[in-house]
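The values are calculated or read from the model by the stated rules, or taken from the named source; none is laboratory data. Keep in mind the model is a prediction, meaning the values are calculated, not measured. Note: ideal-geometry Cβ built from the backbone for every residue, glycine included; neighbour counts use all protein chains shown. Side chains included, ligands, DNA and RNA excluded: accessible areas come from the protein's heavy atoms. Shrake-Rupley method; radii C 1.70, N 1.55, O 1.52, S 1.80 Å.
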Amino acid sequence: MAVYTKIKQKEIDTINENFNLEKITSFKGIKQGIENTNYLLKSKKKKYILTIFEKRVLQKEIPFFMKLMDSLNSSNINCPKPLKTKNNQYLIKLRNKTACIVSFLEGRDKKILKVNDCYAIGKTIAQMHIVTKKMKLNRKNSMGVRNLKPLLESIKFKSKKFSNLKIFLKNNLKDINKNWPKQLPKGIIHGDLFIDNIFFKKKKLSGIIDFYFAASDYFMYEIAICINALCFDHKKGKFKMNNNKIKNLIKGYESVKKISLKEKKSINTLCRGAALRYLLTRLYDYSNTPKTALIKIKDPNEYYQKLLSHNNLSSFKDYLN
């Protein structure tokens, strides 16, 4: 559930006063998502998304996300477009919190991706990377590999039975840091391309949502995140790598933007780093979040299995065969 801040007609009146929109006539909370509060707003002819930013998003970074989505829209990358107020501002205050309104992206996420979907996703990511490489925007990746050590140290391993897991995580992090590539092509990446952030309409990719983890990082790190999030099949509690999906993700990407040999050589370390990132954030939420909290805790075991899979591979070819 992700409706932390409840709004009433009073807030809708504020929106109607501040934006040049067709009058909003109805609103409904959206339960999907974890980080922020989202509402679907409807006028007579249009739909919009209201996002109220909660504690996990730093206030000073919100303008970066607005400018990024606006710039992507101007470059024909389909994503929600932030709307401006009558005073030419992206942001307003609702219930003493920062909020924005973005255009409604048609389509919906899929439960299971097909091989052709992975090709389309790869192609779209490459198009996005070509655009973001030229942008004069910058944001340090708060979930980059250099931030994983303090995250690991903040996890409460509540019993002795987890001591082996802690050693396993520390050893993996040490090895990943040691082998982390230097000076790969970089720019702004989405940084959180999970299946529920990719929309399809009439079997075609219609756009990408949720850019609130976007940051400056290696383009190949984006591919690694996608391999973890999109290219494993889940059957009976087991997560098995689907090399066919990876092959098509890469093919789609390279149909637009070539991947260098140096980038290909780094794939295993980047995949391990991406898997460890999500394993640690899930372990943190699992062990540090009070049971009364509204955050939906995702299973850390998924990314433990994925990290083990990467630990058994080494070369770029291993991911394609």
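One residue is enough: does the stretch 183-196 have a residue meeting the conditions acidic (Asp, Glu), without any contact (Cβ under 8 Å) to a residue 40 or more places away in the chain and surrounded by 18 or more Cβ atoms within 10 Å (Cβ to Cβ)?
yes
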Do you know which residues across the stretch 90-126 are of a type in the set (Val, Ile, Thr) and within 21 Å of Asn76 (Cβ to Cβ)?
-> Val102, Ile121, Thr124, Ile125
Somewhere in the stretch 50-64, is a residue within 21 Å of Gly107 (Cβ to Cβ) and open to solvent by less than 30 Å² (accessible area, probe 1.4 Å)?
-> yes
Among the candidates Thr85, Thr98, Thr132, which residue alone is more than 27 Å from Lys8 (Cβ to Cβ) and of a type in the set (S, T, N, Q)?
-> Thr132
Scanning for something hydrophobic (A, V, I, L, M, F, W, C), out of contact with any helix residue (DSSP H, G or I) (no Cβ under 7 Å at 6 or more places or on another chain) and open to solvent by less than 50 Å² (accessible area, probe 1.4 Å), does the stretch 157-165 turn up at least one residue?
-> yes
Specify which of the listed residues (Lys123, Lys97, Lys114, Lys47) is open to solvent by 20 Å² or more (accessible area, probe 1.4 Å) and over 17 Å from Ser206 (Cα atoms).
-> Lys97
Looking only at the stretch 222-243, decide whether some residue is under 24 Å from Leu72 (Cα atoms), open to solvent by 40 Å² or more (accessible area, probe 1.4 Å) and of a type outside the set (Phe, Trp, Tyr).
-> no
Name, by its number, the condition in (1) open to solvent by 30 Å² or more (accessible area, probe 1.4 Å); (2) touching a Pro at 6+ places or on another chain (Cβ under 8 Å); (3) under 30 Å from Ser103 (Cβ atoms) that does not hold for Ser260.
-> (3)
Considering only the stretch 3-33, state which residues are among the β-branched types (Val, Ile, Thr), out of contact with any helix residue (DSSP H, G or I) (no Cβ under 8 Å at 6 or more places or on another chain), under 23 Å from Glu106 (Cβ atoms) and part of a loop (DSSP other than H, G, I, E, B).
-> Val3, Thr25
Would you say Leu249 is modelled with pLDDT of 95 or more and open to solvent by less than 30 Å² (accessible area, probe 1.4 Å)?
-> yes
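Kindly indicate whether Thr37 is at pLDDT below 95, surrounded by 11 or more Cβ atoms within 10 Å (Cβ to Cβ), touching a Phe, Trp or Tyr at 6+ places or on another chain (Cβ under 7 Å) and hydroxyl-bearing (Ser, Thr, Tyr).
Considered against the rule, which asks whether it is at pLDDT below 95, surrounded by 11 or more Cβ atoms within 10 Å (Cβ to Cβ), touching a Phe, Trp or Tyr at 6+ places or on another chain (Cβ under 7 Å) and hydroxyl-bearing (Ser, Thr, Tyr), Thr37 comes out as yes.
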Picking from Phe199, Phe213, which residue would you name as being touching a residue at least 40 places away in the same chain (Cβ under 8 Å), open to solvent by 10 Å² or more (accessible area, probe 1.4 Å) and in a loop (DSSP other than H, G, I, E, B)?
-> Phe213
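Taking the conditions exactly as written (free of Cβ contacts under 8 Å to residues at least 60 places away in the same chain, surrounded by fewer than 18 Cβ atoms within 10 Å (Cβ to Cβ) and of a type in the set (Ser, Thr, Tyr)), does Tyr286 satisfy them or not?
yes
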Cβ pairs under 6 Å, 6+ apart, first in the stretch 300-321 and surrounded by 16 or more Cβ atoms within 10 Å (Cβ to Cβ), second in a helix (DSSP H, G or I) and among the hydroxyl-bearing types (Ser, Thr, Tyr) | Pro300/Tyr286; Tyr303/Tyr278
Being over 23 Å from Thr281 (Cβ atoms), outside any loop (DSSP other than H, G, I, E, B) and modelled with pLDDT of 95 or more narrows it down to one of Ile125, Ile130, so name that one.
-> Ile130
